Amino acid sequence: MRRPLVLLGFAVFLAANPVWQKAAAACDGAEIIFEDKFADDAGGWPLKETVEVKDGLFIFKLPPDDMQSNLNVTFTVKDADICSETIWPNGDQPMLGAGLLFWGEDNRTYFQFGILNNGKFWIARKQDGKWLGTIAANVDSAAIKKEPGAANTLQVKTSGNSVTFFINGTKVRELRGQAPKTAWRFGLSGDNFDKQKDAKVVFKTVKVTN
């Protein structure tokens, strides 16, 4: 008789705990289109001097005052739910940004949703290699974990021309925009805002469902 009681208590806990529900709901589409835990470098990410994929981590190695983007080249989507877990470095760190790319047509045209380790987020659009503008600039969010070593989950959920943005399961913004007419690409980005020191931005997972 004890086991049913334990299960019932656990079910009550889940129903009453919105934080757990938010976490469980991230990227839970019926079909997994893509998933990468970076056990190897075969996930379709362009590899270059500033990118390292090993030991379960995707790492941007960023020079001072630098931004890097990386669109996956082997998978395309139409409507999708994209999630990625990023981890701030331990110890002292400059201001860093970690982002998800969506509605990507090529390496010069995409939208970006990112968080900063000072507790802010942004949404921006790049077209033909030029930033057209920032849709949301340095918006404070209590959902962002700022401390060194903390993990944050970014989520972008698209449906037609609509996009919803989540940070650690908390909805932070909705947006209407012009989605690409054909299938599009998703990706990752890293920003180092220190003008003198190198830095790293690290991701642990990427998952895409619909």
Inset, instruction - Give the residue that is surrounded by the fewest Cβ atoms within 10 Å (Cβ to Cβ), with candidates limited to residues of region 135-150 that are within 20 Å of MET67 (Cα to Cα) and in contact with a Lys or Arg (Cβ under 8 Å, 6 or more places away or on another chain). - result: ASN138
Legend entry - Only one of GLY133, GLY129, GLY99, GLY104 that is within 14 Å of LEU175 (Cβ to Cβ) and of a type outside the set (A, V, I, L, M, F, W, C): GLY133
Inset, instruction - Look through region 27-42, keep the residues that are assigned to a loop (DSSP other than H, G, I, E, B) and not small (Gly, Ala, Ser), and return whichever of them is farthest from PHE203 (Cα to Cα). - result: GLU31
Legend entry - Residues satisfying the stated conditions in region 43-79, i.e. out of contact with any strand residue (DSSP E or B) (no Cβ under 9 Å at 6 or more places or on another chain) and in a loop (DSSP other than H, G, I, E, B): ASP55
Inset, instruction - Being in contact (Cβ under 8 Å) with a residue 40 or more places away in the chain, in contact with a Gly (Cβ under 7 Å, 6 or more places away or on another chain) and more than 16 Å from LYS126 (Cβ to Cβ) is the filter; apply it to region 57-78 and report the residue that is surrounded by the fewest Cβ atoms within 10 Å (Cβ to Cβ). - result: VAL73
Inset, instruction - Being at pLDDT 95 or above and not acidic (Asp, Glu) narrows it down to one of LYS171, LYS181, so name that one. - result: LYS171
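The values are calculated or read from the model by the stated rules, or taken from the named source; none is laboratory data. Values in this document were obtained by computation on a predicted structure and should not be read as measured data. Don't worry about glycine lacking a Cβ; one is built from the backbone with ideal geometry, like all the others, and counts go over all protein chains shown.
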